[in-house]
Amino acid sequence: MRGILLVALAVLSAAACAQNTESQVLFDGSSVREWDTARTPERTVQEFTHNDLTAEQDPARLRWRFSPRDTAFNDIFLRKAVDRPFSMLRARVRNDGAAFDIASKVGDDKGSEWTVPPLRLEPGDWRWVEFPLEQWKVASWSKDADGELDFPLRYVTLIAFGLRQGQEYDLSVAALEAVRPTPPTATITEFRSPGTMRAGEQHEAEVTFTLDKACMRDQVRLVFSVGTTRDIIAEPVAPVQLSRVAPGETVQVRFAVRVPQYAFGGRHSIKLVAGEAHVSYQGKPSDEEVASVDIQQRQTGKTVAGVGPHNGTPTIFINGEPQNGMAWATYRPTVEVFGDFTRAGVNLFTFSATPTEAGYGLSKTTWVAPDQYDYSQLDERVLMLLEANPNAYFFPRLYVHAPKWWSEQHPDDCVLMDDGSGNYVPFIHSGGKPAPSWASEAWRRDTIEGLRRLIEHVEASPYADRIVGYHVASGTTEEWMMWGANENEWVDYSPVNVARFRQWLRDKYGTDKKLAAAWGDPETTFDNAAIPPKARRQESKLGVLRDPAGEQDVIDFYLYNSHLVADTITTFASAVKGFTNREKLVGVFYGYILQLCGEQRQQNAGHLALGEVLACPDVDFLTSPTSYAFRQVGGEGTCHYMSLLDSVKLHGKIW
């Protein structure tokens, strides 16, 4: 009898606990594109043989698979705000790979990072991994001036520790939740705010409300939101202490509303944040909106950028004024770092974006569905910059790839590689996505449409006159190296690339007879000419040279391969120039003649058609990192650039 009573009490206790808590679902298994690795391409290749995030079903979940080369940890970021304090963060996970230690990290509203002690996660079925609030501490690598975990949190991270080189790790995540006690309710009795506001102006708003019980947090603010662009935050004119408010007591708060210079126009919803409280207005739940306001966007001017001679050297001009061209490039943009470089005298910036799909987790998918584009992250990054430096100019680095759903609809347009046995299998790029073949007319067409839409969005934005150009990137490590170049994979045997290669041969030779004679094979025709297999491409009869008498098919393929890369670059450059009325800069990574010599990438990367790119009037600048040689402190030589700088200069372009 006593055992039955104890069980009953336990059930009642659990039920009471459930009634006194609520959960904010941060991830329900479906929106996998909200996760990223936050690693640069170079770091990803250095640290992992693969590091992939994919969407899976039954149940809907994120699947995270990776194998370390040279790191003991890995992490993935969910870019989703946690508005209110929690008593626990928890994740529902399944480990189908090697055992590791799992932990979590969050970024708070003031830029500090907090973390928890790791838990051992052995292989096994679904389970909840829980991180109670009392275990959260400022991370050892971070600082927090006030020692408070400040909400809203900017992101939540899952971390894998204790990794071993060469092991295969495979974690599925079906849910991530913030659990908290049932909060108070703020009941609004009066709300006053202008119906219209202009960008760059300051206004006042006033809210009167009561609480049914005191809050744990004192934070009060108004949040103005439009679509998925950056919010406008209004703080109280005087401090408010919600933790000291008695039940039923009236609270009156005045707000100073400073509308940013670069605020987007249109209808903005107004949200009241009162500690951790729910909000009720006019008898209805109003957590997400209590009112709205029409914000009038700034009128943009006109900015024209190009390259012209200045003191005998090709130079960037912005609105007729020569610029030194020194820019700050970042994979992790923040207001703070943009501000640091602004104070150092930098006024030109670049950061990652995409018109369609990115690689390496550098930015969120923009082309989320066949006729649906999401520019929220691009807008967020631009507004970060302009908050730090309202006079800044920028040129985004636009990585062009293909969403996984597109590749599934176009299997013949995706890259195939020779697995070494003569079998042609899909090449899977970073993030578990097939790679689109640069020979695909369907992919080129759809990417050009993505570029058009992104540029149209930018031109209609409040920051249209701060953009000076576009850096178009793709392929291995963003650098227009053919897919698989760094991974030592040999491509591209896709049907569309074979067809394009055969057309290139027709243009070169004209007749089957001439082709057969050049290749030394009377059976070869334009209809059956094949891309040489990996084994044939790997061998050479004259050391670093090839003998046309017996290897013309390989020579032709590599001439074509570089032409394909250059042709793809110039096609997109021409499109961007057209969409911008030739008033913006266009640039690319290309021409790594001095970096890739003496290895397989010299031929496989496709960087041997520099002349074609230099001859293109639509390309204004080429770029690269400095060479990876001679970088050590003290040096054993001079770290050089990767290409033929004087050739670039002679063609009137910037390096």
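The values are calculated or read from the model by the stated rules, or taken from the named source; none is laboratory data. Just so it is clear, the model here is predicted, and its values are computed rather than measured. All Cβ positions, glycine included, derive from the backbone under ideal geometry; neighbour counts span all protein chains shown. Protein only, heavy atoms only, side chains kept; ligands, DNA and RNA dropped before computing areas. Shrake-Rupley method; radii C 1.70, N 1.55, O 1.52, S 1.80 Å.
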Flagged in segment 619-651 as charged (D, E, K, R) and either in a helix (DSSP H, G or I) or open to solvent by 90 Å² or more (accessible area, probe 1.4 Å) (or both), in numbering order, are Arg631, Glu636, Asp646, Lys649
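For segment 458-474, which positions are in a loop (DSSP other than H, G, I, E, B) and in contact with a helix residue (DSSP H, G or I) (Cβ under 8 Å, 6 or more places away or on another chain)? Full working, then the answer.
Going through segment 458-474, the residues in a loop (DSSP other than H, G, I, E, B) turn out to be 460-463, 468.
Hits for segment 458-474 are Ser461, Tyr463.
For residues in segment 213-234 being part of a loop (DSSP other than H, G, I, E, B), touching a residue at least 40 places away in the same chain (Cβ under 8 Å) and closer than 25 Å to Pro194 by Cα, which is most open to solvent (accessible area, probe 1.4 Å)? Please lay out each step first, then the result.
Pass one, segment 213-234, residues part of a loop (DSSP other than H, G, I, E, B): 213-219, 226-231.
Checking which are touching a residue at least 40 places away in the same chain (Cβ under 8 Å) leaves us with 215-219, 226-230.
Next cut, closer than 25 Å to Pro194 by Cα only: 219, 226-230.
Working: Gln219: 44, Val226: 29, Gly227: 77, Thr228: 93, Thr229: 24, Arg230: 72 Å².
Within segment 213-234, the match that is most open to solvent (accessible area, probe 1.4 Å) is Thr228.
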Kindly indicate whether any position in segment 544-554 is within 17 Å of Gln503 (Cβ to Cβ) and at pLDDT 95 or above.
yes
Take the conditions in a loop (DSSP other than H, G, I, E, B), modelled with pLDDT under 95 and among the basic types (Lys, Arg) and apply them to Arg582. Does it pass?
no
Flagged in segment 45-91 as acidic (Asp, Glu), open to solvent by 20 Å² or more (accessible area, probe 1.4 Å), under 21 Å from the mean Cα position of the chain (by Cα) and more than 17 Å from Arg33 (Cβ to Cβ), in numbering order, are Glu47
Answer from Val179, Val245, Val237, Val207 - the residue that is aliphatic (A, V, I, L, M), free of Cβ contacts under 8 Å to residues at least 40 places away in the same chain and under 20 Å from Arg84 (Cβ atoms):
Val245
Filter segment 235-259 down to residues that are open to solvent by 50 Å² or more (accessible area, probe 1.4 Å), part of a loop (DSSP other than H, G, I, E, B) and either touching a helix residue (DSSP H, G or I) at 6+ places or on another chain (Cβ under 9 Å) or among the β-branched types (Val, Ile, Thr) (or both), then give me how many there are.
1
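Only one of these is touching a residue at least 12 places away in the same chain (Cβ under 8 Å), open to solvent by 10 Å² or more (accessible area, probe 1.4 Å) and either more than 44 Å from the chain's Cα centre (by Cα) or closer than 25 Å to Arg601 by Cβ (or both): Thr524, Thr568, Thr511. Name it.
Working: Thr568 fails: open to solvent by 10 Å² or more (accessible area, probe 1.4 Å); Thr511 fails: touching a residue at least 12 places away in the same chain (Cβ under 8 Å).
Result: Thr524 is the single residue among Thr524, Thr568, Thr511 that is touching a residue at least 12 places away in the same chain (Cβ under 8 Å), open to solvent by 10 Å² or more (accessible area, probe 1.4 Å) and either more than 44 Å from the chain's Cα centre (by Cα) or closer than 25 Å to Arg601 by Cβ (or both).
Checking the condition over 17 Å from Ala160 (Cβ atoms), open to solvent by 20 Å² or more (accessible area, probe 1.4 Å) and among the polar types (S, T, N, Q), which residue from Ser140, Ser112 passes?
The unique qualifying residue is Ser140.
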Residue by residue through segment 175-190, note down the ones that are in contact with a Leu (Cβ under 8 Å, 6 or more places away or on another chain) and not polar (S, T, N, Q).
Leu176, Glu177, Ala178, Val179, Pro184, Ala186, Ile188
Could you tell me whether segment 175-196 includes any residue that is over 23 Å from Val106 (Cβ atoms), open to solvent by less than 30 Å² (accessible area, probe 1.4 Å) and within 31 Å of the chain's Cα centre (by Cα)?
no
Give the residues of segment 480-503 that are open to solvent by 50 Å² or more (accessible area, probe 1.4 Å) and part of a helix (DSSP H, G or I), sorted by residue number.
Pro495, Ala499, Arg500, Arg502, Gln503
Here the residues within segment 456-470 that are open to solvent by less than 10 Å² (accessible area, probe 1.4 Å) and out of contact with any Ser or Thr (no Cβ under 6 Å at 6 or more places or on another chain) are Val458, Ser461, Pro462, Tyr463, Ile467, Val468, Gly469, Tyr470
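Can you pull out the strands (runs of 3 or more DSSP E) entirely within segment 291-373 that have at least 2 residues that are closer than 29 Å to Val648 by Cβ, of a type in the set (S, T, N, Q) and open to solvent by less than 70 Å² (accessible area, probe 1.4 Å)? Even if it seems obvious, please write down each step before you answer.
Details: elements: 291-296, 305-310, 313-318, 321-323, 328-330, 348-353, 367-369.
In segment 291-373, 313-318, 348-353 are the strands (runs of 3 or more DSSP E) which contain 2 or more residues that are closer than 29 Å to Val648 by Cβ, of a type in the set (S, T, N, Q) and open to solvent by less than 70 Å² (accessible area, probe 1.4 Å).
Listed residues Leu608, Leu614; which is out of contact with any strand residue (DSSP E or B) (no Cβ under 7 Å at 6 or more places or on another chain), surrounded by 13 or more Cβ atoms within 10 Å (Cβ to Cβ), within 23 Å of Ala327 (Cα to Cα) and modelled with pLDDT of 90 or more? First the steps, then the outcome.
Working: Leu608 fails: within 23 Å of Ala327 (Cα to Cα).
After ruling out the rest, the residue left standing is Leu614.
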